[in-house]
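Novice: I have a structure I would like to understand better, so I am pasting it below and will then ask my questions one at a time.
The values are calculated or read from the model by the stated rules, or taken from the named source; none is laboratory data. Please read these numbers as outputs of a predicted model, since none were measured by experiment. Every residue, glycine as well, gets a Cβ built from its backbone with ideal geometry; the counts of neighbours run over all protein chains shown. Surface accessibility is based on the protein's heavy atoms, side chains included, excluding ligands, DNA and RNA. Shrake-Rupley method; radii C 1.70, N 1.55, O 1.52, S 1.80 Å.
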Amino acid sequence: MRSRYSAYCMKEGNYIVQTYAQEKRHEHTTEDILLFANQVEFVNLEIIDTNHDDNFQYVEFKASYLEGQQLGMLHERSRFIKEEGRWVYLDGELYPSNDKKVSRNDPCPCLSGKKFKKCHG
Ligand SMILES: [Zn+2]
């Protein structure tokens, strides 16, 4: 999960495609992933909860990203399945979340402690 997040930050579309479960891989193209990754800038990742059962691992996380001055949040409970010895992303359940506007003098959403205008603004 963390490595996929990093891949989104680094805009490594191929890696993201490769870490989808086999049955899902055909639904996602590197182009689509990069289109999204290039549109936004991820600023923070918070892991809320992780657990597993016999078949799956679950990771609930909140990933904050900026799209211009808009702060968006991806709040998801992802499900991972083990294929050929490694955990890959199967699917996820999205929670509703609201976008909000960040003002220039607000604390930066990346939690650097700086004002937005001096950091990611
Ligand atoms: Zn920042």
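Novice: In the list 5, 20, which residue meets the criterion of being within 27 Å of residue 112 (Cα to Cα), of a type in the set (Ser, Thr, Tyr) and open to solvent by less than 60 Å² (accessible area, probe 1.4 Å)? Step through it out loud before you land on a result.
Specialist: Numbers: 20 fails: within 27 Å of residue 112 (Cα to Cα).
Sole residue among the options that is within 27 Å of residue 112 (Cα to Cα), of a type in the set (Ser, Thr, Tyr) and open to solvent by less than 60 Å² (accessible area, probe 1.4 Å): 5.
Novice: Still on this model: Report every pair of residues separated by at least 6 positions or lying on different chains whose Cβ atoms are under 7 Å apart, first residue within region 75-98 and farther than 15 Å from residue 49 by Cβ, second hydroxyl-bearing (Ser, Thr, Tyr) and assigned to a loop (DSSP other than H, G, I, E, B).
Specialist: 88/19; 89/19
Novice: Let me ask you something else. Among 85, 113, 121, 72, which is the only one that is on the phi > 0 side of the Ramachandran plot and either open to solvent by 90 Å² or more (accessible area, probe 1.4 Å) or within 16 Å of the ligand (Cβ to nearest atom) (or both)?
Specialist: Details: 85 fails: either open to solvent by 90 Å² or more (accessible area, probe 1.4 Å) or within 16 Å of the ligand (Cβ to nearest atom) (or both); 121 fails: on the phi > 0 side of the Ramachandran plot; 72 fails: on the phi > 0 side of the Ramachandran plot.
Criteria check complete, one pass: 113.
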